[in-house]
Amino acid sequence: SKQNRKLLYTHLKKIYGSKRAAELLHENKDNLFGLHGLAWSVGKRSLEYFCLYFLQDTFVAKENNTSRNLAPVHLEIWNELQKMFVDDLYDKEEFILPRGCSKSTIIN
């Protein structure tokens with residue numbers, strides 16, 4: 001869909017810059033979202049993208065689901081998890097946040 005392509009381009013830009021992002025979209029136009037496609041590759045490098053694309057029924061508000069819009073705190077949590085799991089900068093972290101801010105959904 002158009003939204004998925006936009007999401008993919010947005011995260012490619014974050015990782016590679018706009019010029020390389022456009023080149024990668026063109027180079028991989030035949031396999032953007034298929035098995036081991038460009039989306040898969042970006043999902044390995046970006047926890048935020050992985051959640052927003054591959055788990056979009058949980059994290060992206062749509063007419064046909066009960067998801068709500070993400071708050072800035074959710075993106076901050078994903079950023080911290082990115083540092084821990086993908087970038088391997090440290091091994092442990094505690095999240096102490098108020099009740100009802102979706103800690104379990106976002107972190108688990």
Problem - Gln56 surrounded by 15 or more Cβ atoms within 10 Å (Cβ to Cβ) and of a type in the set (S, T, N, Q) - result: yes
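Give segment 1-36 a look and list any residue that's among the polar types (S, T, N, Q) and either surrounded by fewer than 11 Cβ atoms within 10 Å (Cβ to Cβ) or over 26 Å from Lys62 (Cα atoms) (or both), or say none.
We begin by selecting, within segment 1-36, every residue among the polar types (S, T, N, Q); these are 1, 3-4, 10, 18, 28, 31.
Ser1, Ser18, Asn28, listed by residue number.
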Handout entry: For Asp88: the one exception among (1) open to solvent by less than 80 Å² (accessible area, probe 1.4 Å); (2) out of contact with any helix residue (DSSP H, G or I) (no Cβ under 9 Å at 6 or more places or on another chain); (3) more than 17 Å from Thr105 (Cβ to Cβ)
Key = (1)
Problem - The one condition in (1) open to solvent by 40 Å² or more (accessible area, probe 1.4 Å); (2) part of a loop (DSSP other than H, G, I, E, B); (3) in contact with a Leu (Cβ under 7 Å, 6 or more places away or on another chain) that Lys83 fails to fulfil - result: (2)
Problem - Count - residues of segment 50-74 that are under 19 Å from Ala39 (Cα atoms), aliphatic (A, V, I, L, M) and touching a helix residue (DSSP H, G or I) at 6+ places or on another chain (Cβ under 7 Å) - result: 2
Completion exercise
In segment 38-49, anything open to solvent by less than 80 Å² (accessible area, probe 1.4 Å) and not hydroxyl-bearing (Ser, Thr, Tyr) is listed as Leu38, Ala39, Val42, Gly43, Leu47, Glu48
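The values are calculated or read from the model by the stated rules, or taken from the named source; none is laboratory data. Being a predicted model, the structure only gives us computed values, none of them experimental. Reconstructed Cβ throughout: ideal geometry from the backbone, glycine too, with neighbour counts over all protein chains shown. Calculation scope for accessible area: heavy atoms of the full protein, side chains included, ligands and nucleic acids excluded. Shrake-Rupley method; radii C 1.70, N 1.55, O 1.52, S 1.80 Å.
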